[in-house]
Amino acid sequence: MNGMHFLRGARLFAALSLGVAGPAFAESAAAPVDAKATPPATAPAGAASGHQHAAACSDPKPECAMTVNPAFDAKGRLWVAFSVGKTVYVASSADNGKTFSAPATIATAADGVIDAHGDARPKIVALDDGTLLASYTTRPDKQMIGTIFTARSTDGGKSFSTPQALLTEGGQRFESFVVTPKGRIYGGWLDKTNALKAKAEGKAFEGSGVAFGWSDDKGRTFSGAKILMDHACECCRTAAALDRDGQPVFVWRQVFEGNIRDHYAAKLSADGATLSGGRVSDDNWAINSCPHHGPGIAIDANGWHVVWFTKGKNREGLFYARSNDGGKSFTTPEKFGDDAKAPGHPVTLAAKGRLYRVWKEFDGTTTTLPLQMSRDGGKSWSAPRIVAQTDDASDHPELVASKNAAYLSWVTHKEGYRLIPLPRDEKSAAAR
């Protein structure tokens, strides 16, 4: 996708749905980076993380980032990955985000941009033995093709290894990682390899491929990297969760015949060779551009739970559906969110018998994050409750679990970074 195509897509997306984010963090055209990352170094000590920051904040702290990705380690310590300016960082917190350690530098580079806006962001995975796996993507300015890099820390986040490209050709973005109980790391991402080959041969090709791989050495290397399905929407995030048998399930926006951009969910086989699943819903959203609006997935004893946004002919807004048969079929999509406030960017999480879903709404002045909770596997949900809000620019919400507790992770221009505990019962979840 060239720069002009991207700009047309961005404008169309803004007209369709950016209002859901209120005054959203803009995609950064500054933040130049180099696909060849520099060796890691520890940034100067930066003490506590406050919740107020200037409009042009450039400190290496989570509250200065446009996006923040959270993960808890086995000891309950919070880790976050983020970028500020030209640099990708990781920092940790022992008090649920009130203060953060001095950040460790993952990479600083010089050309192009770091993916750090909305659906795209640096990520962090915490393994049970204390190993940390960080990832980020660089790409040429105004182009939707990039390189995913990974780096590891084995000293408690004090330093990280020299970043390594996940793949060295083809172009990849929007990675998702999940870790099995046995410690295998599965990854899924969007991959342009087949699209570039088709272009070189003068053939038409919609979207990207969806590729998968795994690591059995704590992220040091990845095996089996292979595209298993073509024609995914190239500018929408993927999402992943572990099924009840420990195998990963991924969900993404797929490009069907006629430029229909609806969602697909599939489970990766144990050998990483095949996918099994199906179309989440027939929304019939025909759009010759990218919505920049990926789905969310959670899995519990009741099955797969998917949330998404659409502007299709068959339905518009936010929807939820579940599958009890491994993605072969999904329930009739259930609408949620207030259409008068342009709802969007939903996420969902399963935690100890509870399901949560959170999304963004914007009334023209204030961006709010409504929450709903289910204790019956998604059959019924509590009344929406506003758990956070801002009158300034903000990131999309993320949900994260630790020791069966659920949290909302959110960074805003005005309030900075917040980690908000979510309720455990229907009564408090329905309170306003």
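For the chain, relative contact order (Cα pairs under 8 Å, six or more residues apart, normalised by length) works out to 14 percent.
How much of the accessible area of the chain, in percent, comes from carbon and sulfur atoms when a 1.4 Å probe is used? Before the final figure, lay out the partial values.
On the way: 8460 of 16890 Å².
After summing per-atom areas, the C and S share lands at 50 percent.
Loop-located trypsin sites (Lys or Arg not before Pro) in region 56-110 (DSSP state other than H, G, I, E, B) with a sparse environment of at most 15 neighbouring Cβ atoms within 10 Å: K75, K98. Straight-line reach from K313: taking Cα to Cα under 13 Å and skipping same-chain neighbours fewer than 8 places apart, the aspartates and glutamates in range are D262, D282, D283. Taken about its Cα centre, the chain carries a charge dipole of about 380 debye when Lys and Arg each add +1 at the Cβ and Asp and Glu each add -1 at the Cβ. Taken about its Cα centre, region 312-417 carries a charge dipole of about 600 debye when Lys and Arg each add +1 at the Cβ and Asp and Glu each add -1 at the Cβ. Principal axis analysis of the Cα atoms in region 236-331 yields extents of 36, 26, 20 Å, listed in decreasing size.
When the Cα positions of V113, V400, Q172 are compared along the charge dipole of the chain, V400 comes out farthest toward the positive end, with charges on each C-beta of Lys, Arg, Asp and Glu. When the charge dipole of the chain is built from unit charges on Cβ atoms (+1 for Lys and Arg, -1 for Asp and Glu) and taken about the Cα centre, the candidate among V68, L419, I145 whose Cα reaches farthest toward its positive end is L419.
Counting only Cβ charges, +1 for Lys and Arg and -1 for Asp and Glu, the dipole size of region 237-345 around its Cα centre is about 200 debye.
Ordered by residue, what ³J(HN,Hα) values in Hz, to whole numbers, does region 94-100 give under the Karplus form 6.51 cos²θ - 1.76 cosθ + 1.60, where θ = phi - 60° and Gly and Pro are x? In residue order, the calculated couplings are 9, 10, 6, x, 6, 9, 10 Hz. Taking a straight Cα-Cα cut-off under 16 Å and skipping sequence neighbours fewer than 8 places away in the same chain, the aspartates and glutamates within cross-link reach of K414 are D59, E63, D391, D392, D395. With protein chains left intact and a 1.4 Å probe, residues in region 330-393 average 38 Å² of accessible area per residue. Here is the P(r) of region 94-211: all C-alpha pair distances, binned every 5 Å from 0, give 2, 10, 18, 20, 19, 14, 8, 5, 2, 1, 0, 0 in whole percents. Compute a Gaussian network model of the chain, connecting alpha carbons closer than 10 Å, and tell me which residue from A204, A91, A321 fluctuates the most. Its mean-square fluctuation being the largest, the pick is A204. Bridgeable lysines around K199 (alpha carbons under 28 Å apart, same-chain partners fewer than 8 residues away excluded): K36, K142, K226. Rounded to the nearest whole Hz, the Karplus-based 3J(HN,Hα) values (6.51 cos²θ - 1.76 cosθ + 1.60, θ = phi - 60°) of region 125-140 follow the sequence 10, 10, 8, 5, 8, x, 5, 10, 10, 9, 9, 7, 10, 10, 7, x, with x at glycine and proline.
The values are calculated or read from the model by the stated rules, or taken from the named source; none is laboratory data. These numbers were taken from a predicted model, which means no experiment stands behind them. FYI the Cβ positions are ideal-geometry reconstructions off the backbone, even for glycines, and counts take in every protein chain you see. Accessible surface areas use protein heavy atoms only, side chains included; no ligands, DNA or RNA. Shrake-Rupley method; radii C 1.70, N 1.55, O 1.52, S 1.80 Å.
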